[in-house]
Amino acid sequence: MKNTFFFILSVLSVFCFGQVKSVKIDTILAPDIGGIKQVIEIKTDDSNKPVLLFLSGGPGSSMIKNAEVFTNLLKDRFTLVQWDQRDAGKTLELNPSPNQPSVAQMEKDTYEVINFLTKELKQKKIYLLGSSWGNVLGFNMVKNHPELLHAYFAVNPVVSQLKSEKELLKTLKVQFKENPVANKELTNVYIPFTKDEDLFYLRKWLFYREGKEYVLSDDFKKGFLEWSKTWSPVWNEVMTIDLPKTLQKVDCPIYFFVGENDIQTSTAITKEYFKQLKAPKKGLFLFENSGHQIHKDEPQKFQNTIIEVIN
């Protein structure tokens, strides 16, 4: 543990009240998960508080850096856990994945992370939250290991992504029909994607629609296509997921958080899936001022809704 800076930050305080031990934790660990060191951040003023693990979007993204913005209220109610998945964030800095990441491998990683947390924090179950791509991993846990979950929060979830991408392409073509560059690039997009440029052009004009003008730069294209070398095979796997056909009933409480303006993972598709899904408890919460990044667009409402649910 001394050979890496990830173990430097660790503050532990112990108070005994009869048989109950309260532990304050502010630490970054790097346990062996799936054959490599994977970075896990744990923060709490009382380790007896229920665990809330975030599964970040992407794939290849990290939520650790900006977590304070969307956890400043949650920290009073939970033991908060952020995890940088393989080939993402601090885990990538520490050690790249020796193999091409896959959905199956990362689902196994998720199971190992949750088992690590339940043992480390001495809790039988956790709360789990998936954001965008993170729902690919989260729904797998809901399907195969509901016994480990108090409840699941599905935030702008991947439900039927092939259908979503097709709807997105139609929307962008209509919006940019008067833009000759966009019209040409979007006309050449084929779904399912046959080359990395297909996904690039779709995301380029989606992000431009959201006001991100940097997507027109050569640097953005270079960076996106570099990301694609690792992650486009994974995203092509994601495109085969169709939850209305493969997961019609779950055995733990589940709550959907949906941005009304989200066209990346179709709001209409998610609403329809919610209607048909059977669960012991379920809820659908709409965020009127959000697109695909609810935790960034409406961080206070995002947190207060989670607190409402657990109350």
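Please give the FRET efficiency for ASN179 paired with GLU260, using the beta carbon to beta carbon distance and R0 = 35 Å, rounded to the nearest 0.05.
Details: r = 25 Å, r/R0 = 0.71.
The value I calculate is 0.90.
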Discussion item. What does DSSP give for the chain in terms of the percent of beta bridges that are antiparallel, rounded to the nearest 5?
Written reply: 45 percent
Worksheet item: Under a 5 Å amide H to amide H cut-off, with H placed in plane at 1.01 Å, what residues pair with SER22 once short-range neighbours are removed?
Response: PHE15, PHE17
Practice prompt. Please report, in debye to the nearest 20, how large the charge dipole of region 161-238 is about its Cα centre when each Lys and Arg carries +1 at its beta carbon and each Asp and Glu carries -1 there.
Written response: 220 debye
Worksheet entry | Stretch gain in nm, segment ASN144-LYS229, where the contour uses 0.36 nm per residue and the Cα spacing is subtracted | 27.6 nm
Discussion item. Testing the spin-label approximation: label points 7 Å from Cα along Cα→Cβ at LYS296 and GLU237. State their distance in nm.
Written reply: 2.5 nm
Item to complete: Compute the distance in nm between two label points, each set 7 Å from the Cα along the Cα-to-Cβ direction, one at LYS124 and one at LYS245.
Response: 3.8 nm
Worksheet, complete the sentence: Pairs over 21 Å Cα to Cα, from LYS24/LYS119; LYS24/LYS49; LYS21/LYS143; LYS166/LYS245, come to LYS21/LYS143
Discussion item. Show me the ranking of peptides 130-140, 256-266, 215-225, 301-311 by mean Cβ neighbours inside 10 Å, starting with the highest.
Written reply: 130-140, 256-266, 301-311, 215-225
Worksheet item: For the chain, what are the DSSP H helices with axial Cα length of 24 Å or more and mean Kyte-Doolittle hydropathy of at least -0.5?
Response: 103-120
Practice prompt. Under a 10 Å cutoff between Cα atoms, tell me which one of ASN48, ASN115, ASN99 has the largest fluctuation in the Gaussian network model of the chain.
Written response: ASN99
Discussion item. Here are labelled values, (1) 20.9; (2) 17.4; (3) 16.6, and one is the computed mean projected area of the Cα convex hull in nm² for what I pasted. Which one?
Written reply: (3)
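Would you work out the Kirkwood radius for region 161-238? I mean one over the mean of 1/r across all pairs of different Cα atoms, in Å.
Hydrodynamic radius (Kirkwood, Cα pairs) of region 161-238 is 12.8 Å.
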Discussion item. So, R0 is 41 Å and r is the distance between the beta-carbons of GLN276 and VAL23; what FRET efficiency does that work out to, to 0.05?
Written reply: 0.45
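Take every Cα pair under 8 Å in the chain that's 6+ residues apart, average their separations, divide by the length, and report that relative contact order as a whole percent. Walk me through the intermediate numbers first.
Values: 559 pairs, mean separation 48.3, N = 311.
Once divided by the residue count of the chain, the mean separation gives 16 percent.
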Practice prompt. Sort out for me the Cα centre separation of region 140-166 from region 51-129, rounded to whole Å.
Written response: 15 Å
Discussion item. At a 10 Å Cβ-Cβ cut-off, how would you order LYS163, LYS212, fewest neighbours first?
Written reply: LYS212, LYS163
Discussion item. Can you give me the distance in nm between label points at LEU94 and LEU216, each placed 7 Å from the Cα along the Cα-to-Cβ direction?
Written reply: 4.1 nm
Worksheet item: Along the Cα-to-C-beta direction of LYS108, a point sits 7 Å from the Cα; which residues of region 24-40 have their amide N less than 13 Å from that point?
Response: 33-36
Worksheet item: What does the helix-only formula give at 222 nm for the chain: each DSSP H stretch with n ≥ 4 adding -39500 (n - 2.57), the total divided by the residues, and the result rounded to the nearest 500 deg cm²/dmol?
Response: -12500 deg cm²/dmol
Worksheet item: About the Cα centre of region 49-91, what is the dipole size in debye to 20, counting +1 per Lys and Arg Cβ and -1 per Asp and Glu Cβ, all else neutral?
Response: 100 debye
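Every number here is computed from the coordinates shown, using simple stated rules; none is lab data. As the structure is a computational prediction, the values presented were derived from the model and not from experiment. As a convention, Cβ positions derive from the backbone with ideal geometry for all residues, glycine included, and neighbour counts pool all protein chains shown.
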